[in-house]
Amino acid sequence: MRVDFVIGGTQKGGTSALDSFLRQHPQICMPETRKELHFFDRADEERDYAKYHANFRPQPQHRVIGEASPIYMYWETAPYRIWNYNPQTKWILALRNPVERAFSAWNMETKRGNEKLPFAEAIEKEPERCREALPLQHRVFSYVDRGFYAHQVRRLFNIFGRENCLIILTEELRNDHDATLKRVFNFLAVDESIVPPAANVFEQDYAVEIDNRLRSHLLDRFESDIKELEKLLQRDLAAWYAGKTKSL
């Protein structure tokens, strides 16, 4: 038994939606136990692959086995552990505007009770709070840090090869459902004519909105990384940083 692919990121990028769609494909086996297994981002020195495989129940009709743990692309050691397990692993990444991603993550942690600070203060104190987790990354308060995608994507390209990485955008999954899923199914070498129906699975409504000045400040911080990602992916991402307020 071998897991063939991971939905490795990004957190709050649409991975739950993608997971739900892939579960509906008759040729794809996903974990029966839960969505996120977090097997490769834990610090266990000894890898118990039998324990990992116990989460899956592949059937004769299944052609590929996969799981969705969106922290994998962000966690520094996870890609290397996955390469040691299966160097041919395919990666699916759903990338979202990093400002929107950070705000969505803050909302999630606030609802969970893990975050007590307002968004602006949480962003301001992020470096100090994240140092508490060193030498590892912080699993909760890394709102901005997770949004610097260029390094994360380049690392995966270097380890697994560009041909084993599929990058989609959250807005593509939301607004171009059929074509995007066909790309995913083609990448996984399963029947791309079987496309689950679209569903309203994207979180969009929040009790508060991002302050425009803070949004512009964050876009300034992310702009150079987004432009680096554009070169890496050879695609236009200008819509992500087009909302900057010029007067600031």
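The values are calculated or read from the model by the stated rules, or taken from the named source; none is laboratory data. Predicted model only: the values in this text are computed from it and were never measured. We place every Cβ from the backbone using ideal geometry, glycine too, and count neighbours over all the protein chains shown. Surface areas here come from the heavy atoms of the whole protein model, side chains and all, with no ligands, DNA or RNA. Shrake-Rupley method; radii C 1.70, N 1.55, O 1.52, S 1.80 Å.
Given Cβ point charges of +1 (Lys, Arg) and -1 (Asp, Glu) and nothing else, what value in debye, to the nearest 20, does the dipole of the chain about its Cα centre take? Could the numbers behind the result be given before it?
Values: 36 positive and 37 negative charges, 46 e Å.
Rounded to the nearest 20 debye, it is 220 debye.
Run lengths n ≥ 4 of DSSP H only: what is the helix-derived mean residue ellipticity at 222 nm for the chain, with -39500 (n - 2.57) per run over all residues, to the nearest 500?
Details: 11 runs with 103 residues, N = 248.
The helix contribution divided over the chain gives -12000 deg cm²/dmol.
Once the dipole of the chain is set up with Lys and Arg at +1 and Asp and Glu at -1 on Cβ about the Cα centre, which of W240, I167, P87 lies farthest towards its positive end?
P87
Any chance you could run the full-extension gain for D220 through H151? It's 0.36 nm times the residue separation minus the Cα-Cα distance, nm to one decimal. Write out the running numbers ahead of the final one.
Working: separation 69, 0.36 × 69 = 24.84 nm, distance 1.77 nm.
This chain segment gains 23.1 nm when fully extended.
With a Förster radius of 45 Å, plug the Cβ-Cβ distance of T33 and R235 into 1/(1 + (r/R0)^6) and report the FRET value to the nearest 0.05. Write down the numbers at each step before the final one.
Numbers: r = 36 Å, r/R0 = 0.79.
Efficiency at R0 = 45 Å is approximately 0.80.
State, to one decimal in nm, how far the label point of A199 lies from the label point of S20, with both points 7 Å from Cα in the Cβ direction.
For the pair A199/S20, the computed spacing is 0.4 nm.
Taking the 0 to 90 degree range and rounding to the nearest ten, how far is the long axis of helix 149-160 tilted relative to the main principal axis of the chain, both from C-alpha atoms?
So the inclination is approximately 20 degrees.
Provide the per residue accessible area, probe 1.4 Å, for the chain, rounded to a whole number of square angstrom. Mind showing how you got there, number by number?
Working: 12220 Å² over 248 residues.
Spelled out: the 1.4 Å probe surface of the chain, per residue, equals 49 Å².
Among N97, N114, N164, whose mean-square fluctuation peaks in a Gaussian network model of the chain (Cα, cutoff 10 Å)?
Maximum fluctuation in the GNM of the chain, among the listed residues, is at N114.
State whether region 140-181 is rounded, prolate or oblate according to the following rule on the C-alpha gyration tensor (a ≥ b ≥ c being the square roots of its eigenvalues): a/c under 1.5 gives rounded; otherwise a/b larger than b/c gives prolate, and the remaining case gives oblate.
Values: a/c = 3.46, a/b = 1.20, b/c = 2.89.
Oblate shape, in that a/c is at least 1.5 and b/c is the bigger or equal ratio.
Rounded to whole Å, give me the distance from the Cα center of region 66-93 to that of region 7-65.
Centre-to-centre distance over Cα atoms comes out at 11 Å.
By how many nm would the segment from Q61 to I159 lengthen if fully extended, with 0.36 nm per residue of separation less the alpha-carbon distance? Numbers along the way, then the final one.
Values: separation 98, 0.36 × 98 = 35.28 nm, distance 3.03 nm.
Gain on stretching Q61 to I159: 32.3 nm.
In degrees, nearest 10, range 0 to 90: what is the angle between the Cα axis of helix 98-112 and the longest Cα principal axis of the chain?
It works out to around 80 degrees.
Is the C-alpha gyration tensor of region 138-224 telling us rounded, prolate or oblate? Criteria: a/c under 1.5 is rounded; beyond that, a/b larger than b/c is prolate, otherwise oblate. Before the final figure, lay out the partial values.
Details: a/c = 2.65, a/b = 1.35, b/c = 1.96.
Verdict is oblate for region 138-224.
Gain in length, N84 to R112, computed as 0.36 nm per residue apart minus the alpha-carbon separation, to one decimal in nm? Could the numbers behind the result be given before it?
Values: separation 28, 0.36 × 28 = 10.08 nm, distance 3.37 nm.
Difference between extended and current length: 6.7 nm.
Cut-off under 25 Å on the C-alpha distance; same-chain residues fewer than 8 positions from K182 excluded. Which lysines are left, in chain and number order?
Hits, sequence-local ones excluded: K12, K35, K90, K231.
At a 1.4 Å probe, what is the % contribution of carbon and sulfur to the accessible area of region 1-104?
On the way: 1950 of 4190 Å².
Accessible surface attributable to carbon and sulfur in region 1-104 totals 47 percent.
Mind pulling the angle between the C-alpha long axis of helix 177-187 and the longest principal axis of the chain? Nearest 10 degrees, somewhere in 0 to 90.
50
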